[in-house]
Amino acid sequence: GAMSANESGREEVTPDDIAAVTAQLGRPPRAVRSIAYRCPCGLPAVVRTAPRLEDGTPFPTLYYLTCARLSSRIGRLEAAGRMREMTERLRSDPELAQAYRRAHEEYLAERDAIEPLGTDVTAGGMPGRVKCLHALAAHALARGPGVNPFGDEALAEVGDWWTAGPCVRLPDREP
């Protein structure tokens with residue numbers, strides 16, 4: 001697929017980025033390596049994390065959705081039972097199942113390139129079921145359309161979440 005500007009994972013994380021993510025999550029983020037996707041409003045929406053926390057604990061979720069508004073909208077899809085419907089479709093649609101397995105394998109390869117954890121558990125229930133749409137949407141935003149089919153579907157269904165402006169406001173900094 002097309003490479004995004006920070007595909008390499010080298011976009012520097014600024015103190016303002018950390019402040020924004022802290023406000024979005026309601027707690028300081030852990031093990032952030034880079035911003036994997038920036039919302040059209042300019043704030044981080046997905047962070048790329050290290051495969052281990054600072055204390056060495058494995059942290060297999062490579063992409064973490066931080067945008068509070070998008071998280072809330074995806075939470076509504078989950079509450080509506082969308083994961084169950086998606087998991088059912090995996091059983092009946094071999095092409096979809098294959099695309100989802102590819103997403104899982106790509107996620108695993110990308111994480112293992114940073115640091116192998118010795119586990120093939122990735123995120124969101126991949127590849128056998130749909131467990132967390134937040135993780136799948138984060139993967140879809142970080143990697144672009146056409147990589148994670150269920151992440152793409154969830155994002156299409158929630159629509160343009162950013163049009164109301166930033167999900168959090170940061171206090172103005174003194175120059």
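For residue 77, the stated conditions hold: it is more than 17 Å from residue 143 (Cβ to Cβ), assigned to a helix (DSSP H, G or I), open to solvent by less than 20 Å² (accessible area, probe 1.4 Å) and not charged (D, E, K, R).
Does residue 103 count as open to solvent by less than 40 Å² (accessible area, probe 1.4 Å), within 25 Å of residue 34 (Cα to Cα), of a type in the set (A, V, I, L, M) and touching a helix residue (DSSP H, G or I) at 6+ places or on another chain (Cβ under 7 Å)? Answer is yes for this residue. Of a type in the set (Gly, Ala, Ser) and farther than 17 Å from residue 78 by Cβ: which single residue out of 125, 151, 118 fits that description? When all the criteria are applied, what remains is 118.
Out of the residues in segment 32-74 meeting the condition of being in a strand (DSSP E or B) and touching a Gly at 6+ places or on another chain (Cβ under 7 Å), tell me which one is surrounded by the fewest Cβ atoms within 10 Å (Cβ to Cβ).
Within segment 32-74, the subset in a strand (DSSP E or B) is 32-38, 44-49, 52, 58, 63-65.
Next, from what is left, pick out any that are touching a Gly at 6+ places or on another chain (Cβ under 7 Å): 33-34, 48.
On the way: 33: 16, 34: 19, 48: 23.
Across segment 32-74, the extreme among qualifying residues is 33.
For segment 1-25, a residue qualifies if it is among the acidic types (Asp, Glu) and at pLDDT 65 or above, and the qualifying residues are 11, 12, 16, 17.
When segment 136-148 is examined, which residues are found to be more than 17 Å from residue 35 (Cβ to Cβ) and either without any contact (Cβ under 8 Å) to a residue 60 or more places away in the chain or surrounded by 24 or more Cβ atoms within 10 Å (Cβ to Cβ) (or both)? Show your work before the answer.
Within segment 136-148, the subset more than 17 Å from residue 35 (Cβ to Cβ) is 136, 145-148.
Passing the criteria: 136, 148.
Taking the criterion of being charged (D, E, K, R), part of a loop (DSSP other than H, G, I, E, B) and in contact with a Leu (Cβ under 8 Å, 6 or more places away or on another chain), would at least one residue in segment 119-131 satisfy it? Checked segment 119-131: at least one residue is charged (D, E, K, R), part of a loop (DSSP other than H, G, I, E, B) and in contact with a Leu (Cβ under 8 Å, 6 or more places away or on another chain). Can you pull out every residue in segment 149-175 that is farther than 18 Å from residue 38 by Cα, at pLDDT 95 or above and either open to solvent by less than 20 Å² (accessible area, probe 1.4 Å) or part of a loop (DSSP other than H, G, I, E, B) (or both)? Across segment 149-175, the qualifying residue is only 150.
The values are calculated or read from the model by the stated rules, or taken from the named source; none is laboratory data. All values derive from a computational prediction rather than experimental measurement. Methodologically, a virtual Cβ is constructed for each residue, glycine included, from the backbone with ideal geometry; neighbour enumeration extends over all protein chains shown. Surface areas here come from the heavy atoms of the whole protein model, side chains and all, with no ligands, DNA or RNA. Shrake-Rupley method; radii C 1.70, N 1.55, O 1.52, S 1.80 Å.
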